[in-house]
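Asks: Sending over a structure as structure tokens; questions will come in a sec.
Bear in mind that the values in this text are calculations on the coordinates, not laboratory data. The structure displayed is predicted, hence computed values, not measured ones. Backbone-built Cβ (ideal geometry, glycine too); neighbour counts: all protein chains shown.
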Amino acid sequence: MLLACFVALVTSALLAWLLSRTRVRWLALDIPNNRSLHTRPTPRSGGLAILCGAAAGIFVYWLSSGQLLPGMASSGAILILAGVALVDDHHHIAAGLRLLIQAITVALLLLYGPMPVPVSLLWCALLLFLVWMINLYNFMDGMDGFAGGMAVFGFGTLALLAWQAGSMDLALGCAIIVAACGGFLLFNFPPASLFMGDAGSTVLGLLAGLVILRAHLEAILPLWLGVLVFSPFIVDASVTLASRVLRGEKFWLPHKKHAYQRLVELGWGHKRTVLAEYALMVACSGTAIMAARRSLWSQTIIIAVWALIYGILIYLIHRAERRREPQT
């Protein structure tokens with residue numbers, strides 16, 4: 001297991017280093033615009049480093065153990081999502097078509113994947129949840145070190161809990177993702193020389209949703225605590241989407257209204273903002289680990305407290321923005 005993780009880390013880091021310094025036509029560049037937080041063109045092919053790193057780790061585990069990790073049926077969905085994202089990076093694909101492809105991919109995964117679910121209301125709810133996880137992770141990949149950090153803390157937490165519960169294949173799968181994202185993060189931490197791109201963010205979003213569901217089904221971590229682990233992304237993206245819909249905005253278009261973007265705009269800068277977000281991720285992960293074996297009543301109170309905390313944080317950001325507005 002350690003060897004597989006080490007290979008994933010080294011492969012991802014080496015490929016990320018190469019991609020951050022390579023300027024070839026097939027690599028997409030993220031050109032700054034009025035909605036960007038960065039100021040210079042930056043390669044956005046880091047998702048390839050993450051995917052290749054994870055694949056290398058899984059391959060080494062297979063060579064050393066003679067076994068494939070359960071859930072490899074998800075690889076088809078991963079390849080489809082990554083392929084569509086790579087095409088979209090070079091030749092824009094309409095949002096509706098991307099969403100349709102994502103929905104079809106997730107539907108096939110739910111019907112024929114490692115956790116087959118018969119078509120029902122539950123099936124529809126899971127479909128919406130996984131499609132939303134794919135897109136919200138993509139929406140939140142807009143600041144140096146942010147999406148990679150969420151993967152390290154989120155999947156790291158699930159790896160630890162799965163290991164404690166004796167679910168070694170899930171623990172290893174999550175640990176390999178952590179290692180692959182860690183190698184990429186070496187070149188994505190502020191100031192970033194490489195971005196993850198859609199190929200990385202959409203796949204991580206899908207995997208996050210699948211891991212949350214599997215941890216719940218195996219009684220490793222209740223669904224609501226799994227959501228808490230990834231809540232720095234889930235809450236920000238969901239609240240922002242809801243507020244834009246209520247204001248009648250074209251919510252599918254790029255914008256700069258996520259909480260992390262607003263903090264950067266308030267003068268916090270990339271590094272201070274991402275470190276504050278890391279602290280929030282650690283707090284959420286620590287709470288989930290602490291609450292994993294507590295009663296449902298205790299977990300309900302914990303979730304309610306965190307809902308209050310997020311409400312206060314959103315209010316403080318809004319108040320800081322109001323104070324910066326020019327007085328009339």
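Asks: For segment 170-272, just say rounded, prolate or oblate: build the C-alpha gyration tensor, square-root its eigenvalues into a ≥ b ≥ c, call rounded for a/c under 1.5, and beyond that prolate if a/b exceeds b/c, oblate if not.
Replies: Oblate shape, in that a/c is at least 1.5 and b/c is the bigger or equal ratio.
Asks: Now for a separate question. Counting Lys and Arg as +1 and Asp and Glu as -1, what is the net charge of the other residues whose Cβ lies under 13 Å from the Cβ of Phe233?
Replies: Its environment carries a net charge of -3.
Asks: Using 0.36 nm times the number of residues separating His318 and His90, minus their current alpha carbon distance, what extension gain do you get?
Replies: 78.5 nm
Asks: Averaging the inverse of every distinct alpha carbon separation and then flipping it gives the Kirkwood radius. What is it for segment 152-224, in angstrom units?
Replies: It is 12.8 Å.
Asks: A further question follows. Starting from the Cα gyration tensor of segment 52-211, take the square roots of the eigenvalues, sort them a ≥ b ≥ c, and report rounded, prolate or oblate (rounded when a/c is under 1.5, otherwise prolate if a/b is larger than b/c, else oblate).
Replies: oblate
Asks: Go through Trp62, Leu51, Leu241 and say which Cα lies farthest out towards the positive end of the charge dipole of the chain; charges sit on Cβ, +1 for Lys and Arg, -1 for Asp and Glu.
Replies: My answer, from the dipole projection, is Leu241.
Asks: Need one word for segment 262-328: rounded, prolate or oblate. Basis is the Cα gyration tensor (sqrt eigenvalues a ≥ b ≥ c); a/c below 1.5 gives rounded, then a/b vs b/c decides.
Replies: Oblate is the answer for segment 262-328, as a/c is 1.5 or above yet b/c matches or exceeds a/b.
Asks: Set the Förster radius R0 to 41 Å, insert the Cβ-Cβ distance between Lys250 and Ser295 as r into 1/(1 + (r/R0)^6), and round the FRET efficiency to 0.05.
Replies: The calculated FRET efficiency here is 0.40.
Asks: Let me ask something else. Divide the volume of the convex hull of the Cα atoms of the chain by its number of residues and quote the answer in cubic angstrom per residue.
Replies: Taking only Cα atoms, the chain has a hull volume of 140 Å³ per residue.
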